[in-house]
Amino acid sequence: MVCAIVVRVIGRADCDSERDSVEEFLLELSARTPAPGGGAAGAYSVAVGASLCQMVLRYAPGPPDEEALDSIASLTARAVRLAKEDEASYEAVLSAFRSSKGKDPREASEVKKKAFIDASRIPSLSVGVALEVCEIVMSQVSRVNPHLVGDLIAAGLIAVAGGLVGAELVLANLGDIESELVDRVQCDLEQLLGVQSELLRVLGDKRSKAPLWNI
């Protein structure tokens, strides 16, 4: 199942080659290089959550909810794009540090500040995608195959985790800078934590009714 999820996230058909691709990304992520880093990892987590949600929706009883399927497929693709863009954006940060050497300290600080703000926009977008994924997840709890409610909740929690990473990076990068971006991410962070609590509540409600093998 995990291999199938990854194939849908990246959009390839061959599971073996996709596994190689995932392993390559993990090797790059673990290497002593600044990118890919937390932003890319968080965005890919959002994509995995969205892709897992797709799988659950395909098993829903009755006619498929094409609107929900199209929406979640679009969110999956957006999250993958953001993961790739995040890796590229950090190169601009490194370039800003290199170009600021020898400049007036105030000017150098502004150059680096701008680079960090620009780079932080990408993980902030990942936060928004995570919230959209969770909105679809929560809207489908009552209609999915009962045997897959756990997978649906897992999809939401995985997306939440990726979104929390994105929010944390924005706040870590920009600190207490006063900006619309920081304010928005702080608000989104509180929403994500609320969604996380709601998903765990739904899980508790389902567990209290009957074990999976008695459904």
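The values are calculated or read from the model by the stated rules, or taken from the named source; none is laboratory data. Just so it is clear, the structure is predicted and the values come from calculations on it, not from any experiment. Every residue, glycine as well, gets a Cβ built from its backbone with ideal geometry; the counts of neighbours run over all protein chains shown.
What number of residues within segment 173-215 satisfy the criterion of being of a type outside the set (Lys, Arg), assigned to a helix (DSSP H, G or I), modelled with pLDDT under 90 and over 22 Å from Lys113 (Cβ atoms)?
Number satisfying all stated conditions: 8.
Are any residues in segment 104-130 hydrophobic (A, V, I, L, M, F, W, C) and out of contact with any Asp or Glu (no Cβ under 6 Å at 6 or more places or on another chain), and if so, which ones?
Ala108, Val111, Ala115, Phe116, Ile117, Ala119, Leu125, Val129, Ala130
In segment 131-155, which residue that is over 20 Å from the mean Cα position of the chain (by Cα) and within 15 Å of Leu69 (Cβ to Cβ) is modelled with the lowest pLDDT?
Asn145
Could you check segment 70-128 and list, in sequence order, the residues that are surrounded by 14 or more Cβ atoms within 10 Å (Cβ to Cβ) and polar (S, T, N, Q)?
Ser71, Thr76, Ser89, Ser100, Ser120, Ser124, Ser126
For Val182, are the conditions met, namely being of a type in the set (Val, Ile, Thr) and in contact with a Phe, Trp or Tyr (Cβ under 9 Å, 6 or more places away or on another chain)?
no
What are the residues in segment 89-112 that are in a helix (DSSP H, G or I) and either touching a Cys at 6+ places or on another chain (Cβ under 8 Å) or touching a residue at least 12 places away in the same chain (Cβ under 8 Å) (or both), if any?
Correct list: Ser89, Tyr90, Glu91, Ala92, Val93, Leu94, Ser95, Ala96, Phe97, Ser99, Val111, Lys112.
Does Gly128 satisfy being part of a helix (DSSP H, G or I) and within 22 Å of Pro34 (Cβ to Cβ)?
Criteria not met by Gly128.
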